[in-house]
Number of protein chains: 2
Amino acid sequence: MSNVTISDVARKVGVSESTVSRCLSGFNVRNAEAIRKAIKELGYRPNLVARNLKSGRTGLVALIVPDITNPFFASIVRGAELAAGEDYMIQLINTGEQPEREEWAIQRMMGQVDGIIYVPSQEDSEAMTDVTDRSIPLVFVDRLIKNFRNIDSVLADNLTGGEMATQHLLEHGHTKIAHISGPLTSTPGKERAAGFARALKAHKIKEDSNYFVESDFTVLGGYQAMMSLLSLPTPPTAVFVANNQMTIGALKALKEKAIKTPEKMAIIGFDDHELTDLIDPPLTVISRDAHLQGAIAMQTLLERIKGGNQFPPKRIKVDVRLIVRGSCGSTCRHRETSTSNANKVLSASTRS
Amino acid sequence: MSNVTISDVARKVGVSESTVSRCLSGFNVRNAEAIRKAIKELGYRPNLVARNLKSGRTGLVALIVPDITNPFFASIVRGAELAAGEDYMIQLINTGEQPEREEWAIQRMMGQVDGIIYVPSQEDSEAMTDVTDRSIPLVFVDRLIKNFRNIDSVLADNLTGGEMATQHLLEHGHTKIAHISGPLTSTPGKERAAGFARALKAHKIKEDSNYFVESDFTVLGGYQAMMSLLSLPTPPTAVFVANNQMTIGALKALKEKAIKTPEKMAIIGFDDHELTDLIDPPLTVISRDAHLQGAIAMQTLLERIKGGNQFPPKRIKVDVRLIVRGSCGSTCRHRETSTSNANKVLSASTRS
DNA sequence: AAGTTATCTGCAATCGTTTGTAGCAACGAA
DNA sequence: TTCGTTGCTACAAACGATTGCAGATAACTT
């Protein structure tokens, strides 16, 4: 509602609009003082929309995430924001994992933002095909859409993560190990499940389909999945849960059934949480630097916005690490193992 | 980067730009079919920036919060987004409780958004005075800035909350009760501390300045505060912590010192958390509906955007309630007490 | 003092839409 | 036939800034 425009300022000082404009952009101007004074007195503030129309850029980046209430995504957003600096602001959209809403959001964002950082819910999404046509920079984070082969992405090393988690349970002597997976239509769901399978195979343990429950990354889903595992004739003695929300649900189920952890049931989660070392027992997890992941995504996007399609699509994977606490049985506390020690480096290794 | 404009479409069909424009806005147009076809073929998408310039509105609302990583603020944002519907999108800014960044953000937002929802960090902020001059709709959430008397706000009933928390500890027989407060320069910090004081007074317990630690709403702050309480010659037997982050810190301190809760130290927090019933012992808290608070804020803002300053400033307070778990001693589990039962109603009671 | 350069200024076009106004055709009513 | 109405359409003027261009002024040079 900026009532006062640049021409008001110009008129008051007695110069042309262009002079005021140039004064604002830092050029040398004769009546600079008077102009600044008039600007202050009138309370003039440049209309960014008009400026954007002329310049063709908006200084806005859309961040499309499933649910900001999930601390993991909140960290991604925070990391991205910090990496954006003062040049770009963030437009946030929660999709609730609903593909229709994702499509709506993308459609609506195009032509209003300079780029999009996108956490899609499903790997196969036909509806998104026309998005690529439009030449708006896009970066996938955490998950991707399969038929978009030429798009930048910043994922985690989910395969190794799933493998490490399962391996850890195996090392504690478990053989009846279950996996509560995310949707197998999503990148992390699929990859973590693959890591689970690979670790079992390496130890020559045949997969029991009863011990594999595909869920939906939600608290409720995790709760139900754990409940169904507990109702098996011979329940597992250890569970690898594929994300933080489902782990919470699973823990609630264990608590409700008064099942002792780790004695009766060892549990390992994916993605850490500020409270994980306060719960009973402290939760062992596979973790990664979500902040970093968001920052890299933003950095990649900004390069793409500046540089266009000059460089080939990047496919970055950030490292995961094992944080051992108490929920898988006795080990020295707080041992941390990382897939590499380049974890904190912003220029993370680009693989494959 | 929308290369193709409305005039490209017009030329292709052989009509004027205005006809295409009217077709898009739903008017009856002779060659509607041909126009729609051309739009599809050319991949035309209206330039929202240009449209906004003409219409004078951007369809954007800024949400300025301290830290989206705090689940409480994440819920506020989520609630606000849902209340915004499809008409308004959300632009998110984290301030990290830094007043300079808040000021920068506000300055930058004005002229780019239609309204601002704002969680300020300090009650006295001189720097913000020129913000009111500009007639851009603004709503305070959770906290406010004092010298802005004529601005809408959606706060919580902090006074009652602080009182209820302290009262709860008193009912468990505690007399040596400490308070880890937020910054007394912030609305909730001040009001919750006032509630604490009022409850003590009502029970004729004189305040011990050793038992009052002013902290900063952060995990680290809560940790340090609890540590300092524990190092007192006669430590308190119960603590009321003024927000969720500090409570986490305080719990970490207790855990580190291996102090049993609630036997050696009862603790009650402010604001709930998905994990509070999984920690050991489950945490008793004062809680409120953050989702609702965000939704009401957005609703108020939209009314203000539409209606201007026709109606007087609203000062809304949402109710708080006590959620009893285990951290204050044995009571029946999961008892809930609310200041009123109108909690879930979107049109919350407007007081004072 | 005259010529050359450097510095600043205003005009007008532009970014991509929307929208008021006037013109035009078609139609029914008198 | 003529007049008023209706229903579309095109033209052009906005919205509020930026910017190339040419003209004006000032500041040097010789």
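Which whole number gives the average, over all residues in A:45-57, of C-beta atoms from other chains lying within 10 Å of the residue C-beta?
6
Within 13 Å, Cβ to Cβ, of A:Glu33, how many net charges do the neighbouring residues add up to if Lys/Arg are +1 and Asp/Glu are -1?
+3
May I ask you to rank B:Ser75, A:Ser209 by accessible area, largest first, using a 1.4 Å probe over the protein chains only?
A:Ser209, B:Ser75
Tell me the Kirkwood radius of the protein assembly as shown: reciprocal of the mean inverse pair distance over distinct alpha-carbon atoms, in Å.
It is 27.6 Å.
Taking chain B as the reference, fit the longest principal axis to its C-alpha atoms, fit the long axis of helix B:32-42 to the helix C-alpha atoms, and give the angle between the two in degrees, 0 to 90, nearest 10.
Its long axis makes an angle of about 70 degrees.
If you place +1 on the Cβ of every Lys and Arg, -1 on the Cβ of every Asp and Glu, and leave all else neutral, what size is the dipole of chain B about its Cα centre, to the nearest 20 Debye?
840
Sequence-distant or interchain residues sharing an amide H contact under 5 Å with B:Asp142, placed H: which?
Residues meeting the amide H criterion: B:Val154, B:Leu155, B:Ala156.
Hey, could you pull the Cα Rg and Dmax for the range A:1-119, both in Å?
Considering the range A:1-119 through its Cα atoms, Rg and Dmax are 19.5, 57 Å.
So, with a 1.4 angstrom probe, what is the percent of accessible area on the range B:6-55 that is carbon and sulfur?
Carbon-and-sulfur percentage of accessible area, whole number: 48.
Of B:Arg22, A:Arg321, which has the most accessible area and how do the rest follow, probe 1.4 Å?
So, going from the largest accessible area down, we get B:Arg22, A:Arg321.
Note down the accessible area of A:His174, probe 1.4 Å, to the nearest 10 Å².
Approximately 30 Å² for this residue.
Hey, what D do you get for the range B:49-167 in µm²/s if you plug the Kirkwood alpha-carbon radius into Stokes-Einstein at 37 °C and 0.692 mPa s?
For the chosen part, D equals 215 µm²/s.
For a Förster distance of 35 Å, can you work out the FRET efficiency between the beta-carbons of A:Leu232 and B:Lys255, rounded to the nearest 0.05?
For R0 = 35 Å, the calculated efficiency reads 0.55.
About its Cα centre, how strong a charge dipole does the protein assembly as shown have in debye, to the nearest 20, once Lys and Arg get +1 and Asp and Glu get -1 at the Cβ?
Charge dipole of the protein assembly as shown: 800 debye, to the nearest 20.
Got a sec? Charge dipole of the protein assembly as shown, +1 on Cβ for Lys and Arg, -1 for Asp and Glu; which of A:Asn70, A:Met89, B:Asn309 is way out at the positive end?
Among A:Asn70, A:Met89, B:Asn309, the one farthest towards the positive end of the dipole of the protein assembly as shown is B:Asn309.
For chain A, state what percent of all Cα-Cα pairs lands in each successive 20 Å bin, counting from 0 Å until the bin that includes the largest distance.
Per 20 Å bin, starting at zero, the Cα-Cα P(r) for chain A comes out as 28, 45, 19, 8, 0 percent.
I'd like the accessible area for B:Phe27, computed on protein heavy atoms only with a 1.4 Å probe and all protein chains in place. Round to 10 Å², please.
Solvent-accessible area, nearest 10 Å²: 130 Å².
Sequence neighbours fewer than 8 away in the same chain don't count; with that in mind, list the aspartates and glutamates whose C-alpha is under 14 Å from B:Lys190.
B:Glu123, B:Asp124, B:Asp142, B:Asp157, B:Glu163, B:Glu214, B:Asp216
What is the magnitude of the charge dipole of the range B:6-55 about its Cα centre, with +1 placed on the Cβ of each Lys and Arg, -1 on the Cβ of each Asp and Glu, and no other charges, expressed in debye to the nearest 20?
Dipole of the range B:6-55, to the nearest 20 debye: 60 debye.
Given the options B:Glu103, B:Glu81, B:Glu33, state which has the largest fluctuation in a GNM of chain B using a 10 Å cut-off (strictly under) for Cα springs.
Evaluated over chain B, the most mobile residue of the options is B:Glu33.
Take every residue in peptide A:269-278, count the Cβ atoms of other chains within 10 Å of its Cβ, and give the average of those counts.
Average per residue, whole number: 5.
What does the charge count near A:Pro236 come to, summing +1 for each Lys or Arg and -1 for each Asp or Glu among other residues with Cβ under 11 Å from its Cβ?
In short, +1.
Can you divide the C-alpha Rg of the range A:224-320 by 2.2 N^0.38 Å and report the result to two decimal places?
Normalised by 2.2 N^0.38 Å, the Cα Rg of the range A:224-320 equals 1.51.
Hey, what angle do you get for helix B:187-202 against the long axis of chain B, alpha-carbon based, 0 to 90 degrees rounded to 10?
Rounded to the nearest ten degrees, it is 30.
So what are the radius of gyration and Dmax for the Cα set of the range A:6-55, in Å?
Using the Cα atoms of the range A:6-55, the pair Rg, Dmax is 10.4, 28 Å.
What does the structure give for B:105-112 when I average, per residue, the other chain Cβ atoms found within 10 Å of the residue Cβ?
Average neighbour count from other chains, rounded to a whole number: 5.
Give the angle, between 0 and 90 degrees and rounded to the nearest 10, that separates the Cα long axis of helix A:71-84 from the longest principal axis of the Cα atoms of chain A.
30
How much accessible area does B:Ile305 have with a 1.4 Å probe, in Å² rounded to the nearest 10?
So the heavy atoms of B:Ile305 present about 40 Å² to solvent.
Order B:Lys201, B:Lys255, most accessible first, counting only protein heavy atoms with a 1.4 angstrom probe.
From most exposed to least exposed: B:Lys201, B:Lys255.
Grab the other residues whose beta carbon is less than 11 angstrom from that of B:Asn94, score K and R as +1, D and E as -1, and report the net.
For residues surrounding B:Asn94, the net value is -2.
The values are calculated or read from the model by the stated rules, or taken from the named source; none is laboratory data. Keep in mind that this is a model prediction, so the values were computed, not measured. Glycine also receives a Cβ, built like all others from the backbone with ideal geometry; neighbour counts cover every protein chain displayed. In case anyone asks, the SASA skips ligands and DNA or RNA and just uses the protein heavy atoms, side chains included. Shrake-Rupley method; radii C 1.70, N 1.55, O 1.52, S 1.80 Å.
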